[in-house]
Amino acid sequence: MRSWSFFGLLWQLCSLVLLYSASAFAESTSAPEPPELLLAARVLDIRSGSYLTDAAIVVEGGRIKAVGAATALRKQVPESAKIIDLRDATVLPGLIDCHTHLMARIADEPNGYALNLLTKSQAYRALEGAANARATLEAGFTTVRDVENEGSGYADVALRDAINAGLVEGPRMRVATRGIAAVGQYFPFAISPDLTDFPTGAQMVSGPEEARRAVREQISHGADLIKVYADWRNPTLTIAEMQVIVEEAHKAQRKVAAHATTPEGIRNAVMAGVDSIEHGHRADRAVLELMKSKGVYLVPTLSVIDAMVAKSPDEWTSDKDRAFLESMRQSVAIAKEIGVKIADGSDPAAADRHGKNAEELEAMTRRGLKPLDAIRAATTSAADLIGWPDDVGAVEVGKFADLIAVRGDPIADITVLQHVKIVMKGGRIIKNDLPGDSR
Ligand SMILES: [Zn+2]
């Protein structure tokens, strides 16, 4: 009997864990509230690429209940409905950034990465993450896929859970936790070999069984996806190592994102079965065609490079640098031309990059994507890549009421998305920069 009651208790605990996992989207508000009627000059229909004018959105229980003509929907909601008047603004779905590092504020200085590990506690890193999360949400990004926490343990899991519990403001998060790299092939570099316990930026592995163990550990500690480093200037993890990573991750319904910039690294990662290539800056036509044939996403992360060039243009003038920037441009242009799936990701890892996520959409248009393509990369495509196509990424019935409002027309001028005026997440207004008479 004793053992039965022990297992009974264990079972109850397991049920609680399952219940908790299933309610990852649960918001902290519990009392039912009257519906909200949001009136908009126009609402962007992402799929058709057209605007619905004189539009309205009915929000109830944090989700979108109806979208349509304002005159019709006004009649459908009760008197008690709260009116949110955005008849001078354009409404879009909340944006999605598929490549963030919310736990990273790395100083732009020699050894900045090592100093970040050396001088900040995990607790401080978590609080930095909370600040970055708020900045990201206020910039209109209501969902992120956080692809590696840069040596902050499992602080990204804590941040995700704290946001879901309503303790801090931030986007919905999919987190990769520690990332997996080949021993010695990721930050920090050039640490004294005597410092054997010096923290690392990723979980370092050598061989398929260590790689397998790392995936299992990370999933057990809350990883929603797995991030691997397929190269670091040269190919690093082997195909065999990445294959077991993909096998373990997919078995647990987790996707695998691979950092890869070289054609060889990209090929290795794609052959191992990863779901997305992060950066791909040196991707050539052959590997892009391979990606297309396997349905692998490209997350090009252009704006982080553009920002570096803008900051120190004199450091980007060598033939080698120019060739790199040109290959980066071509990789996106060819990807677009042959139909590789593209998702938005801005790669912020410094204090001044969090909240600048929308610069990535402009950066994509500078490499040949139309504004609507860039918006799709940050909405419907991104929702598909992160595995939440039914919940986020479009203003559609049943999805979360994650909405943003801007002045102007983002299809004519993509930069208006860098000045988001209203952010709503799950039906709750997080930020409102429109004049007082607008609600
Ligand atoms: Zn990154």
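Where a number appears in this text, it was derived from the coordinates with a stated rule and is not lab data. All values derive from a computational prediction rather than experimental measurement. No Cβ is skipped: glycine too gets one built from the backbone with ideal geometry, and neighbour counts run over all protein chains shown.
Worth pointing out:
- Of the peptides 119-131, 381-393, 74-86, the ranking by mean beta-carbon count within 10 Å, highest at the top, reads 381-393, 119-131, 74-86.
- Estimated inter-spin distance, S121 and S50, nm [label 7 Å along Cα→Cβ]: 5.8
- Segments 150-159, 367-376 sorted - mean Cβ within 10 Å per residue, highest first: 150-159, 367-376
- Translational D in µm²/s for the stretch 305-439 (Stokes-Einstein at 37 °C, 0.692 mPa s, Kirkwood Rh from C-alpha pairs): 196
- Taking the DSSP beta bridges with both ends in the stretch 198-299, the antiparallel portion is around 15 percent.
- DSSP beta bridges confined to the chain are antiparallel in about 50 percent of cases.
- Peptides 233-241, 274-282 ordered by average Cβ neighbours within 10 Å, highest first: 274-282, 233-241
- Modelled label positions at E264 and D284, each set 7 Å beyond Cα in the direction of Cβ, lie 1.2 nm from each other.
- Mean-position separation - Cα centroids, the stretch 186-265 and the stretch 397-439, in angstrom: 37
- Rounded Å value of the spacing that divides the Cα centres of the stretch 318-365 and the stretch 49-69: 32
- Within the stretch 51-198, antiparallel bridges make up roughly 45 percent of the DSSP beta bridges whose residues both belong there.
- Here K311 is the anchor, and the lysines within straight C-alpha reach of less than 25 Å, apart from those fewer than 8 places off in the same chain, are K320, K356.
- Fully extending the segment from R213 to H250 would add 11.9 nm, taking 0.36 nm per residue of separation and subtracting the current Cα-Cα distance.
- Kirkwood radius and radius of gyration were both taken over the C-alpha atoms of the stretch 103-207, and their ratio Rg/Rh is 1.00.
- Note: the chain, Cα convex hull, 165 Å³ per residue.
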